[in-house]
Amino acid sequence: MKIIIGGIAHETNTFSNVKTDEESFRLWGWELGEEIVAQNRKVRNFIGGMIDRAEELKIDIIPTFSTFAYPAGIITAATYASLINELISQINKAEGYDAIVLSLHGAGVSECSEDLEGSILKEVRSVVGYDIPIIITLDLHANMTKTMVEEATLILGNHLYPHTDSYEIGREAVEYAQKIVEDGLQPTMHLTTLPMIIPTSTTNLSPANDVNHLCYNWESDDHVIDCTFYHAFPYTNISELGVAVLATTINDPNLAKQAADEVAAYVWEQRDNFLIKHPSPKEGIALAIQHEGLPVVINETSDNPGGGTPGDGTYLLKALLDEQAEKSCFGFIYDPEVVDLAFKAGVGSWIVVELGGKTDELHGDSIPLTAYIKSLTDGKFVQSSPMGRGAHVNLGRSVRLQCNNVDIIVCSVKAQTLDEQIFLLHGIDVATYKIVGLKSSQHFRAGFEPISSKIITVDSPGLTTLDFTSFDYTNLNTEVYPLQQVKASS
Ligand SMILES: [Zn+2]
């Protein structure tokens, strides 16, 4: 048996003023052919799982095209054309394959389409037809559409947030590809969507954790292949936005509908419980200081580059500097200009800079700072978080500054903080710090829950704030809970 593997992944925050172009895909990974295998074998991501399982099952792999860009604004039309061209031309070169297994995201939006993944699937179908099974993996934050369900043979998605299960799902995708090809397995999917959005909700806690248990109950039925609660990506101004449940059975449409509807009904019942009010940065710091034990991790959920924000927001960092709390560190803020100045000045010198707050008006003002340069690094390390462990990360040249009792790491590439590696790279042992500030919504939990005494989530204005009332959802074609402003303008 022979399978094609590949992937195109992007989570698009349509409220961002930073468009996603080909350069940003190339920055994060634009792999062709065997390079995909070399870069992802044994890495705990979707494609790593696909490769490892295929090799174990002696399934031949035809690696085609795999790319990923960090979440940001809408994908330009020219970029979309390049992505499709690269994938389709690689598929056209392939011969003798029995199935296609792709790692997509589910919340991509391009200037050509609100539904990036539905469009990719249609393009692939237009060249391979409907006799070849197409199995796709999706992120838990997918905005599920009917088109995806119609065009894919089987869809498998993350159950966990932090997404520590991507590798296992990649493996499962290959196992099902084999069952479909060799045993004639017929997956039947049913999608139930709900007119509601939820703030980022870790599945480590209720209510998302309770929903997962309902899904697991259904999955314990021998006729159910999969039951997944998709949280959707709420920072998207599209017509059909909302959480969804996708249930898949072995050729039993009624059972699939029953499972999806039952889980969706429970999610709807729980809708108020997803809305949690979080403290401001200043309030969060006060709570951290009161807490006995260390370290207290404070995550700035409103500027989470993993959700398409600038990563140079200053609300939490400014509050830490104002507080001058003993033993605080912040890792990290994106500001390539400041990094450049620090490299020119050198370790052991002082610089006067305006830090952060440069991408837009939403994430706080630049901070005027006179800081000591403690260390300079290349920003490269290997990810240790259970999510994506083994991946090679390159945050570009980076610097550790010191000011007002705060150790501040500044990087040249924007990203959310998933584990302590960027701190270790700069000689910071987070276990000895009282407060550890970072930018992430939930993924950091996989790396930091085991080593932190307490976690406090703080919210402020930003492109991933948990306060949805700050966004203009002008394209919705139906009322969506909990938004007040609902009517489409067109
Ligand atoms: Zn996600």
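Only the coordinates and a few stated rules stand behind these numbers; no lab work does. These numbers were taken from a predicted model, which means no experiment stands behind them. So basically every Cβ, Gly included, is an ideal-geometry build from the backbone, and we count neighbours across all protein chains shown.
Report the gain in length on full extension from residue 280 to residue 424: 0.36 nm times residue separation, minus Cα-Cα distance, nm rounded to one decimal.
Contour length minus Cα-Cα distance gives 49.1 nm.
Size of the dipole of the chain about the Cα centre, Lys and Arg at +1 and Asp and Glu at -1 on the beta carbon, nothing else charged, in debye to 20?
1080 debye
So what is the 222 nm mean residue ellipticity for the chain from helices alone, if each DSSP H run of at least 4 adds -39500 (n - 2.57) and you divide by all residues, rounding to the nearest 500 deg cm²/dmol?
Only helices count here, giving -9000 deg cm²/dmol.
Determine ³J(HN,Hα), in whole Hz, for all residues of the stretch 261-274 in sequence, where each value follows from phi through the Karplus function 6.51 cos²θ - 1.76 cosθ + 1.60 and θ = phi - 60°; x replaces Gly and Pro.
Result, rounded to whole Hz: 5, 5, 5, 4, 4, 5, 4, 4, 4, 8, 4, 5, 6, 7.
Could you order the peptides 248-257, 2-11 from most to least packed, using the average number of other C-beta atoms within 10 Å per residue?
Averaged packing, sorted descending, gives the order 2-11, 248-257.
How do 413-420, 429-436, 400-407 rank on mean C-beta neighbours within 10 Å, highest first?
Descending packing order for the listed peptides: 413-420, 400-407, 429-436.
With unit charges on the beta carbons (Lys and Arg positive, Asp and Glu negative) and the dipole taken about the Cα centre of the chain, which residue among 369, 92, 67 sits farthest to the positive side?
Projecting each Cα onto the dipole axis, the largest value belongs to 369.
How far apart, in nm, are the 7 Å Cα→Cβ label points at residue 404 and residue 58?
Going by the 7 Å Cα→Cβ label model, 6.5 nm.
Antiparallel DSSP bridges in the stretch 281-465: what percent, to the nearest 5?
55 percent
What is the spin-label model distance, in nm, from residue 479 to residue 216 if the labels are put 7 Å beyond Cα along the C-beta direction?
Placing both labels 7 Å beyond Cα along the Cβ direction yields 3.6 nm.
Assuming a ≥ b ≥ c are the square roots of the Cα gyration tensor eigenvalues, decide whether the stretch 2-274 counts as rounded (a/c under 1.5), prolate (otherwise, with a/b larger than b/c) or oblate.
Oblate shape, in that a/c is at least 1.5 and b/c is the bigger or equal ratio.
What residues from the stretch 387-403 fall in the zone where the backbone N is under 20 Å from a label point 7 Å along the Cα-to-C-beta line of residue 42?
Those under the cut-off are 387-394.
Using the basic label-point model (7 angstrom from Cα toward the beta carbon), what is the residue 131 to residue 223 distance in nanometres?
Each label point is offset 7 Å from its Cα along the Cβ direction, giving 3.1 nm.
Excluding residues fewer than 8 places away in the same chain, name every one of the aspartates and glutamates whose C-alpha is closer than 20 Å to that of residue 42.
Hits, sequence-local ones excluded: 31, 34, 52, 55, 56, 60, 139, 165, 168, 172, 175, 419.
Amide H to amide H under 5 Å from residue 7: which residues, 5+ apart in sequence or cross-chain, H placed 1.01 Å off N in plane?
Distant-sequence amide H within range of residue 7: 65, 66, 67, 103.
Among DSSP beta bridges lying fully in the stretch 2-274, give the percent that are antiparallel, nearest 5.
DSSP beta bridges in the stretch 2-274 are roughly 40 percent antiparallel.
Would you mind getting me the FRET efficiency between residue 28 and residue 146? Use the beta-carbon distance for r and R0 = 45 Å, nearest 0.05.
Taking R0 as 45 Å, the efficiency between residue 28 and residue 146 is 0.95.
Any cysteines in the chain with zero other Cys Cβ atoms under 4.7 Å from their Cβ? List them, or say none.
Within the chain, the cysteines lacking a partner Cβ under 4.7 Å are 112, 329, 403, 411.
Report the paramagnetic label zone for residue 470: residues of the stretch 316-344 whose backbone N is under 14 Å from a point 7 Å from Cα along the Cα-to-Cβ axis.
Within reach of a label on residue 470, which here means backbone N under 14 Å from a point 7 Å along Cα→Cβ, the stretch 316-344 contributes 316-317.
Regarding the stretch 383-427, what whole-number volume in Å³ per residue does the convex hull of its Cα atoms give?
It comes to 80 Å³ per residue, whole-number rounded.
Can you give the local net charge around residue 399? Use residues other than it whose beta-carbon is closer than 10 angstrom to its beta-carbon, Lys and Arg +1, Asp and Glu -1.
It works out to a net charge of +1.
Ordered by packing density, taken as the mean number of other Cβ atoms within 10 Å over each peptide's residues, highest first, how do 129-138, 196-205, 459-468, 17-26 rank?
In descending order of packing, they fall as 459-468, 196-205, 129-138, 17-26.
List the lysines whose Cα sits under 20 Å from the Cα of residue 318, skipping any in the same chain fewer than 8 residues away.
282, 327, 358, 374, 414, 434, 439
Using amide H atoms built in the peptide plane, which far-off residues or other-chain residues are under 5 Å from residue 298 H to H?
Residues meeting the amide H criterion: 436, 437, 438, 456.
Would the stretch 281-465 count as rounded, prolate or oblate if I go by the C-alpha gyration tensor, calling it rounded below 1.5 in a/c and otherwise prolate when a/b exceeds b/c, oblate otherwise?
Judged from the Cα gyration tensor, the stretch 281-465 comes out rounded (a/c under 1.5).
Taking the Cβ of residue 347 as the center, what net charge do the other residues with Cβ under 11 Å away carry, scoring Lys and Arg +1 and Asp and Glu -1?
Residues near residue 347 contribute +2 overall.
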